[in-house]
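Have a look at the structure below, then the notes.
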Amino acid sequence: MSKLYIDIGGTYLRSELLKNGKIFKEKVSSHTISLNNYLEDKLKTCPDIRKIGISFAGQTNHGKILSSPNIAISEYNIKKYIEKKYHVSLKIDNDINCALLAEKEYSKAENMALLY
């Protein structure tokens, strides 16, 4: 089972594919490809992906993209669309929320605040 992690920022879409104990990294301009096309390309070339995590530079709510200032989106309810079509688990959240959760997990802090 492979896992795909994506960080979508203002300039780049960076991803890490964890497959067979190896990490494959990729960086593409977030202005040259839509998120949907990127995900579908990855899922077609690596059909054993079962989990996808996305850190998104825009507003999200329960798997839906509410605003997308940096990357083209053709399907705003991305979680529902990808999970139904490809039978994978997809989690997407705002990049600031993801940064806070990652820092909290890494530091093992009981309480934390992030100022942006």
Region 51-69 - residue that is surrounded by fewer than 17 Cβ atoms within 10 Å (Cβ to Cβ) and in contact with a Gly (Cβ under 8 Å, 6 or more places away or on another chain) and, of those, nearest to residue 9 (Cα to Cα): 69
Subset of region 25-66 [polar (S, T, N, Q) and closer than 18 Å to residue 86 by Cβ]: 34, 36, 37, 45
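Bear in mind that the values in this text are calculations on the coordinates, not laboratory data. Keep in mind the model is a prediction, meaning the values are calculated, not measured. For neighbour counting, all protein chains shown are included, and Cβ atoms are generated from backbone atoms with ideal geometry for every residue, glycine included.
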